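What follows is one structure encoded as structure tokens, with my remarks underneath.
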Amino acid sequence: MSEPANTASTDTRPAAGPDWQPRIIGFLCYWCSYTGADMAGTARMKYPPNVDIIRVMCSGRIDPELVTTAFARGADGVLVCGCHIGDCHYITGNHKTMARMPLLKRILLDLGIEPERFRHEWVSAAEGEKFSKLVAEITEQVRRLGPLDWPGLMRTRGVGHGMDLKAWGE
Amino acid sequence: MTADRPPHRPQSPPAEAIRIGVFICHCGGNISDVVDVRRVAEEVGRLPDVVLSTTHMFMCSDPGQMLIEEKIRELGLNRVIVAACSPTLHQLTFRRALSRAGLNQYLFEHVNIREQVSWVVEDKAAATLKATRLVRAAVGRIRHLQPLAKRRIMIHPSALVIGGGVAGLVATRDLAKRGMRVTLVENTPFLGGRMAQLYTLFPSNEDAKELLGKLIAEVVHHPLVTVHTGAQVISSSGIVGDFRTRLRISPRGVDKHLTQVGIAMAACPEETISEYNFGLTRRKAIYMPYPGCWPQMPAIDWRSCTKCGKCLSVVGGKGIDLSQEPQEIEIHSGVIVLATGYDPYEPMFGEYGSGIFPEVITLQQLIRILDPEGPTAGQLVLNGRPVKSMAFIHCAGARQYEGINMPQPSGKVNDYCARTCCTATLHQANEIIDRFPDVVIYDIYQDIRTYGRGHENYYERASERGVRFIRYDPRRLPKVRHDPRGERPVVVMVQDLLTNRLDVEVPVDVVVLATGVIPHDISELVDMYKCAVGYDSFLLEVHPKLRPVELAVSGVFLAGSCQGPMDITECSAAAAAAASKAAALIAQGQVEMDPFIARVNEDRCSGCQTCLTVCPYEAITRDPRKGVAVINEALCTGCGTCAATCPSNAIQQFGFTDTQVMAEVEMLLADMMPAPLPTGGSHE
């Protein structure tokens, strides 16, 4: 595949107005990255408000389905952060993240989601500055791409009802 | 399904309607100066099932906590959300408030609107919107929370101490004195470790073996102590409170009926180098390292023994058995103390002439020579030549610099200070001045670090009594060469910083390398107990100041020089600290752990075993009868990696189920949905 499949459908997307704010979901592991994000706060580093953080115990818990669901529900971008390799609170939980995320990136491309909308980085508990910069970067990256609007696409094109949470239920 | 319900999920989800209370904190302006908290409360209050949405100046204060308790009772709240600081600060505070009000503490959700909103977002409107989204997500998630109970694990009232050196002995003694049953495991056939190889000890000049003998007597005669020598840890399972450790015990080959010890040892034709004397002498395959060792009987070194039977025949077959096989036993213990100690640094070939000149020895070898019970009966003689002059070179294998020192086999240099060698070196220098006043001593150093109480006296006394100090530049290491003039066997060439970089040549009989300290190789134990290891390869404590003798693995403690270079005083202090931490844990009787573990839905599990491969703790096995995965709850630490991996969604992690996290995603993005908001109803 030479280019993302959804380039043809950009006409159906809402135009990005000057006030448009990208919506990004961040999945962060509790021990390193979430603490790193807290550290950015403690140091009063300012960064854009666009990344909404969801906390999991380990980045190994970040099921690729969580990422695709976030896109399906209207996220314009997704950020995944975990401990650096070797620092995982659960020894090797992040090794699985390291294996999964590049694959997920390929799948997203096949789904027509630009790779720039998804980022996977290691952020330690001490890297508050790295986290704040990362948020600024991905926000800018996604802002340049404009809205993704998968829910709108799915409705206008009649594909993937995907709105039904029952699929996830136990 | 009720029968399958886990014991730590004591009740089914409440049948009554979900009643959510939302409490938003001003944090005295820390939050409310940026986030319009009243607006957030108002917005969230409109969501279904939210019975109460209010704000308070300080939620964590006593009145704030009381407000939560009151409202739970008054309004019959069965879910509580607090939007305040980071959960790392006060999640526990609010969970306790829930407990006090009679609500399960895990029906609580903490939203971080300070560290991750008010302190990082400049625009007030954007901050208020973000806070609203995050609280809204918590409302979505909290509907799916279920009451959970902390896991309780009983602690077996016993300890396993690995390592029979001074640290292991002190830890064992202290634990036994507190009434704990202790198993002490030593890898070699004799107790005492490195301390047994010393002669006198700084700073009191006491006799090492005499002191050690007293300590060993206290340990081995204690009724609560079991000692296994020649025992190796081969596997370990379990967690805090319930460790099961398998030991392989090599047979000693000798028992107490052997009375003619000297005759048996003399009869042995096999010789090997003596580890005890650091290779200065040789010993037999049936041996005792030194006369006062414990146990007071020889052991057979099975690597050198050929089972020729000569020892057996000279003593008439009494007390020696060459046919014994290794035994395996299992030790059940509540806690584990690691006291695996250190090894002296072994100089590489060519390092300060080591291996090239027989006149270059290590500090450890010198100490053996100075020991009246040592290979030369305390005479300062090397290779048959009396020593008239000697040079100490400090920091061999310590405080090394990348690009200057040869890298170690690991590829790194030992850049840490080995701490004990400065005082030990000066202690030996003084010993030599006392006993052999004619010997000329040079001390070639980077820095002298005699840091402990009484240690500096050794430096002062050495300088007063004629030790010649030469300070080298670590970028220009001293070189050891043949003495071209032939006065002495070797010459040390060094640039002296004390005399404005004068090039000095020091001809001497012996060069003593004050070799540093490296951790004893315990890579198997490191894997077994999942120990954290520092950049210097020593074991790493949880926190150097707040939790200095604990490993991150709960129930495993560190004693002595497995944690870093320490002298005996420090080893004993660390061992005593480890013993008291371990005893305190045992005295507690049980430990509580968070309930966020994973659980398999057997009806959904296809038995593909993918989860087995991802679990970092090997907590998942396959039930061969049912063909499904089974999670050992005692081993599961709740990372959730298996839950993310399961292709059938058959594994759920309590507190982070798919439904719960998906609801959070959905509610964060609720305003992006073209369809109306989904309301109420649990899908679990």
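The values are calculated or read from the model by the stated rules, or taken from the named source; none is laboratory data. Keep in mind that this is a model prediction, so the values were computed, not measured. For neighbour counting, all protein chains shown are included, and Cβ atoms are generated from backbone atoms with ideal geometry for every residue, glycine included.
Results, tabulated for the structure shown:
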| read-out | value |
| --- | --- |
| Subset of the stretch A:50-69 (residues that are at the interface with another protein chain (Cβ under 7 Å from one of its Cβ atoms), acidic (D, E) and more than 11 Å from the chain's Cα centre (by Cα)) | A:D63 |
| Any hit, the stretch B:579-596, residues being facing chain A (nearest Cβ under 9 Å), part of a helix (DSSP H, G or I) and either at pLDDT 95 or above or within 22 Å of A:R73 (Cα to Cα) (or both) | no |
| Residue match in the stretch B:87-101 (condition: over 30 Å from B:I568 (Cβ atoms), at pLDDT 95 or above and assigned to a loop (DSSP other than H, G, I, E, B)) | yes |
| Residue in the stretch A:86-124 that is surrounded by the most Cβ atoms within 10 Å (Cβ to Cβ), counting only those that are within 10 Å of chain B (Cβ to nearest Cβ) and among the hydrophobic types (A, V, I, L, M, F, W, C) | A:C88 |
| Subset tally (residues that are among the acidic types (D, E) and modelled with pLDDT of 90 or more) for the stretch B:633-684 | 3 |
| Members of the stretch B:259-278 found to be assigned to a loop (DSSP other than H, G, I, E, B) and surrounded by 15 or more Cβ atoms within 10 Å (Cβ to Cβ), listed by number | B:Q260, B:C268, B:E270, B:S274, B:Y276, B:N277, B:F278 |
| Residue among B:E541, B:E505, B:E524 that alone is within 25 Å of B:R485 (Cα to Cα) and not hydroxyl-bearing (S, T, Y) | B:E505 |
| Selection within the stretch B:536-561 - under 30 Å from B:V480 (Cβ atoms) and of a type in the set (S, T, Y) | B:S537, B:S561 |
| Subset of the stretch A:76-94 (residues that are at pLDDT below 95 and under 26 Å from A:T139 (Cα atoms)) | A:C83, A:H84, A:I85, A:N94 |
| Any hit, the stretch A:127-141, residues being facing another protein chain (nearest Cβ under 10 Å), in a loop (DSSP other than H, G, I, E, B) and modelled with pLDDT under 95 | no |
| Meets criteria (free of Cβ contacts under 8 Å to residues at least 60 places away in the same chain, of a type in the set (S, T, N, Q), surrounded by 17 or more Cβ atoms within 10 Å (Cβ to Cβ) and out of contact with any Pro (no Cβ under 8 Å at 6 or more places or on another chain)) for B:N649 | yes |
| Single unsatisfied condition, B:L312 versus (1) under 30 Å from B:S235 (Cα atoms); (2) touching a strand residue (DSSP E or B) at 6+ places or on another chain (Cβ under 9 Å); (3) not acidic (D, E) | (1) |
| Top-ranked residue of the stretch B:597-614 - restricted to ones that are within 11 Å of another protein chain (Cβ to nearest Cβ) and not in a helix (DSSP H, G or I), ranked as surrounded by the fewest Cβ atoms within 10 Å (Cβ to Cβ) | B:D603 |
| Among the candidates B:I433, B:I448, residue that is outside any strand (DSSP E or B), of a type in the set (V, I, T), farther than 21 Å from B:Y401 by Cβ and in contact (Cβ under 8 Å) with a residue 12 or more places away in the chain | B:I433 |
| Strands (runs of 3 or more DSSP E) contained entirely in the stretch B:189-258, each with at least 1 residues that are modelled with pLDDT under 95 and surrounded by 16 or more Cβ atoms within 10 Å (Cβ to Cβ) | B:231-239, B:242-249 |
| Which numbered condition B:N414 misses (of (1) in contact (Cβ under 8 Å) with a residue 60 or more places away in the chain; (2) assigned to a loop (DSSP other than H, G, I, E, B); (3) out of contact with any Gly (no Cβ under 8 Å at 6 or more places or on another chain)) | (3) |
| Residue that is farthest from the chain's Cα centre (by Cα) [pool: residues in the stretch B:69-80 that are within 21 Å of B:R136 (Cβ to Cβ) and either within 14 Å of another protein chain (Cβ to nearest Cβ) or not in a strand (DSSP E or B) (or both)] | B:L75 |
| Residues located in the stretch A:73-100, provided they are over 12 Å from the mean Cα position of the chain (by Cα), of a type in the set (A, V, I, L, M) and either in a helix (DSSP H, G or I) or closer than 23 Å to B:D123 by Cα (or both) | A:M98, A:A99 |
| Among (1) closer than 21 Å to B:C646 by Cβ; (2) at the interface with another protein chain (Cβ under 8 Å from one of its Cβ atoms); (3) of a type in the set (F, W, Y), the one test that A:Y47 misses | (1) |
| Qualifying residue in the stretch A:133-149 (condition: closer than 19 Å to A:T35 by Cβ and surrounded by fewer than 18 Cβ atoms within 10 Å (Cβ to Cβ)) | yes |
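Every residue, every condition in (1) over 26 Å from B:F654 (Cα atoms); (2) within 14 Å of chain A (Cβ to nearest Cβ), yes or no:
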| residue | (1), (2) |
| --- | --- |
| B:M57 | yes, no |
| B:L89 | no, yes |
| B:R95 | no, no |
| B:R114 | yes, yes |
| B:V117 | yes, yes |
